[in-house]
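Below you will find the structure I want to go over with you.
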Amino acid sequence: MNAQLLEEAAKVIPEPQVLINVVSRRVRLLTSGSRPMVETEFRTGLADIALLEVAKGKLAVAPKPSE
């Protein structure tokens, strides 16, 4: 996992547990055949692709509905 990508993604989703959940879910989707939403270099890891998608604003978290 690329530390620079992690830092950039953390600026978009600052809550560590939420970021972990978003990246984890996206890695599962990529593993099952989803195409990356960003241009990637050859042999880029799936976690790095997911982090790059977050950093570029391709993945977002919906706000929790207020009660």
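For the range 34-43, in order, what is each residue's ³J(HN,Hα) by Karplus, 6.51 cos²θ - 1.76 cosθ + 1.60 with θ = phi - 60°, in whole Hz (x at glycine and Pro)?
Values per residue, Gly and Pro as x: 5, 8, x, 8, 9, 6, 10, 7, 4, 6 Hz.
Given the -39500 (n - 2.57) contribution per DSSP H run of 4+ residues, what per-residue ellipticity at 222 nm results for the chain, rounded to the nearest 500 deg cm²/dmol?
On the way: 3 runs with 36 residues, N = 67.
Per the formula, -16500 deg cm²/dmol.
With +1 assigned to the C-beta of every Lys and Arg and -1 to the C-beta of every Asp and Glu, and no other charges, what is the dipole magnitude of the chain about the Cα centre in debye, to the nearest 20?
Values: 9 positive and 8 negative charges, 50 e Å.
Dipole of the chain, to the nearest 20 debye: 240 debye.
Next up: Mean projection of the alpha-carbon convex hull of the range 3-55 over all orientations, in nm²?
Values: hull surface 13.5 nm².
With the hull built on Cα positions only, its mean projection is 3.4 nm².
Read-outs throughout are calculated quantities, based only on the coordinates presented, and are distinct from any laboratory measurement. Here the structure is a predicted model, which is why all the values come from computation and not from measurement. Here Cβ is always computed from backbone atoms with ideal geometry, including for glycine, and neighbour counts include all displayed protein chains.
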